[in-house]
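The values are calculated or read from the model by the stated rules, or taken from the named source; none is laboratory data. Just so we're clear, the structure is a prediction, and the values are computed from it rather than from any experiment. Positions of Cβ are generated from backbone atoms using ideal geometry, with glycine treated the same way; all protein chains shown enter the neighbour counts.
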Amino acid sequence: MTNFWWIIGGVLFALLNTAAGLIWVERRMLALWQDRYGPNRAGPFGLLVVLADTIKLFFKEDWIPPFADKVVFVFAPAVVMLSVLMSFVVMPFAPQIIVADLNIGLLFFLAMSSLGVYSVVLGGWASNNKYALLGAMRGASQMISYEVFMGLALMGVVVLSGSFNLREIVEAQKTVWFIVPQFIGFLIFLVAGVAETHRLPFDIPEAESELVAGFHSEYSGMKFGMFFIGEYLGITLISGMLVTLYFGGWLGPAFLPPVLWFVIKTFAFIMLFILFRASMPRPRYDQLMEYGWKVLFPLSILNLMVTAAIKLWLNT
Amino acid sequence: MIGPAFYIAAAIAVLATIMVITRYNIMHALLYLVVSLLAVAVVLYLYGAPFMAALEVIVYAGAIMVLLIFFVMMLNLGKESAEQEKLWLKPRIWIFPSLLCIILLGELVFLVLQNHQPAAEVKIVDPRAVGMALFGPYILAVELAGMLLMAGIVGAYHLGRQKEKTLHRFLENNEL
């Protein structure tokens, strides 16, 4: 039982530090890819910029606009942290390091990511501001659409492994990682994952060049910090999920412990997310929806049907 | 085994549902409805239906309610609609529904007091069993539901179809 609390504490500690550290990693990597220096003054390699940012966020005036819906306004940033952190409950970091070994793990992840939509929607609505409302509406339609393809893409993995349990899914990849038989599913999940975390290039709910700051225009101080850190946690979550579902989770050659394999693979994907941000332009809102419903949706259904057909054919 | 967790979840569900009915602000009512659905999901989980619980959260709390909130946001109902709700929901209006509810409650209490059998042992239904049931004995219902949804999608597409765009203002009124 004490072991259990250690796992929860360890996972929380690692996640929150990763999310905070990503502030620095992202800015440095973006600078590297864009031929700039990035934050390099405070501390070694500019690492203390994380501390400076945190202190700044804590000491900023925590302002609630008088025209806002107060309760919902305060509640919205908590939802993003809650839903993302809850998703990590089912994530298998290593054979023994998993908080809850649910047999509906994958569905739990989908459920939590669908609840995450509320943070964007409620934050934008409660701000009672035109830009925020526009951002929230874009966010709601984007996330609710891409959730569909995300779920359908994941079903290919479920068909192959025959389980919703993430630990069993990882163990089913002992011979070959699911990236090989599920390459199309992987691509769809990757695109949908970027859209779910509303990261660039799909940061349409924020779109600072058109909507001020979108759904969190009115937020300041630690409430904004929650959205900010929630986004980095979301990146970590989607990267971890990509690794668990398609890249064999903790599996890897035995010279490194399983946890380390998981961390290395996850960080590779986090880097990919940052590279996306550094290199891609933002599509228009209608282009995003069209791409989703006219390309990804048929593709994900086709992927699921072909996978199921091959699986049935091999079994008989 | 069910004990306190069930009673807490059930109490939250009932309270949240009461709040849904009594709120004047439609957004707050919808948020309470989300809470109520989540509580029902917990109850389903406790009764050994984890798959249904997950679907309840994904489909009801995560998709349908978001859509409803999306529409409410687009309608931008503000103070005026709350005032109107207040006008509609006069105390007198509550009398008849409350009467019906009291009768129902009395019936429920009577039934609960009648039967003292212990609840059946909780049997956990895994996703595989749900799938087998849906695509085995209940395949006809699944197909019918699918057809209904298909009709809905086709209807929605028809309603949302855009008129042909005319590129010049002189051509706008000419029906081709």
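Residues of the stretch B:1-25 that are touching a residue at least 24 places away in the same chain (Cβ under 8 Å) and farther than 20 Å from B:GLU85 by Cα: B:MET1, B:ILE2, B:ALA5, B:PHE6, B:ALA9, B:ALA10, B:ILE12, B:ALA13. So for the stretch A:69-89 (the condition being touching a His at 6+ places or on another chain (Cβ under 9 Å) and part of a loop (DSSP other than H, G, I, E, B)), does at least one residue qualify? Yes, the stretch A:69-89 contains at least one residue that is touching a His at 6+ places or on another chain (Cβ under 9 Å) and part of a loop (DSSP other than H, G, I, E, B). Looking only at residues of the stretch A:123-134 that are within 11 Å of chain B (Cβ to nearest Cβ) and part of a helix (DSSP H, G or I), we find that the one that is farthest from A:LYS311 (Cα to Cα) is A:LYS130. Residues in the stretch A:243-286 that are among the charged types (D, E, K, R) and closer than 25 Å to A:VAL158 by Cβ: A:LYS265 only. Restricting the stretch A:1-47 to residues that are under 25 Å from the mean Cα position of the chain (by Cα) and not in a helix (DSSP H, G or I), the residue that is nearest to A:PHE267 (Cα to Cα) is A:LEU47. Residues that are closer than 18 Å to A:TRP24 by Cα and modelled with pLDDT of 85 or more number at least 1 in the following helices (runs of 4 or more DSSP H) confined to the stretch A:228-316: A:258-279.
Restricting attention to the stretch B:51-107, the residues that are at the interface with chain A (Cβ under 8 Å from one of its Cβ atoms) and of a type in the set (Asp, Glu) add up to 0. When A:PHE93, A:PHE108 are checked against the criterion of being touching a helix residue (DSSP H, G or I) at 6+ places or on another chain (Cβ under 9 Å), under 30 Å from B:ARG128 (Cα atoms), assigned to a helix (DSSP H, G or I) and not β-branched (Val, Ile, Thr), a single residue qualifies: A:PHE108. A:ASP62 satisfies every condition listed in (1) under 30 Å from A:TRP125 (Cα atoms); (2) not in a loop (DSSP other than H, G, I, E, B) except (2). In the stretch A:141-170, the residue that is surrounded by the most Cβ atoms within 10 Å (Cβ to Cβ) out of those that are among the charged types (D, E, K, R) and within 13 Å of chain B (Cβ to nearest Cβ) is A:GLU147. When B:PRO137 is tested against the conditions (1) surrounded by fewer than 10 Cβ atoms within 10 Å (Cβ to Cβ); (2) more than 23 Å from B:TYR47 (Cα to Cα), the lone failure is (2).
Across the stretch A:51-94, the qualifying residues are those that are among the hydroxyl-bearing types (Ser, Thr, Tyr) and within 17 Å of the chain's Cα centre (by Cα), and the one among them that is farthest from the other protein chains (Cβ to nearest Cβ) is A:SER87. Being modelled with pLDDT of 90 or more and exposed (fewer than 10 other Cβ atoms within 10 Å of the Cβ): is that true of B:LEU144 here? No.
Among the residues making up the stretch B:32-48, a single one is within 10 Å of chain A (Cβ to nearest Cβ) and in contact (Cβ under 8 Å) with a residue 24 or more places away in the chain: B:VAL34.
In contact with a helix residue (DSSP H, G or I) (Cβ under 8 Å, 6 or more places away or on another chain) and within 14 Å of chain B (Cβ to nearest Cβ), is that true of A:ALA100? When the stated conditions are applied, A:ALA100 passes them. Could you please let me know if A:ILE179 is modelled with pLDDT under 85 and part of a helix (DSSP H, G or I)? Judged against the criteria, A:ILE179 is not a match.
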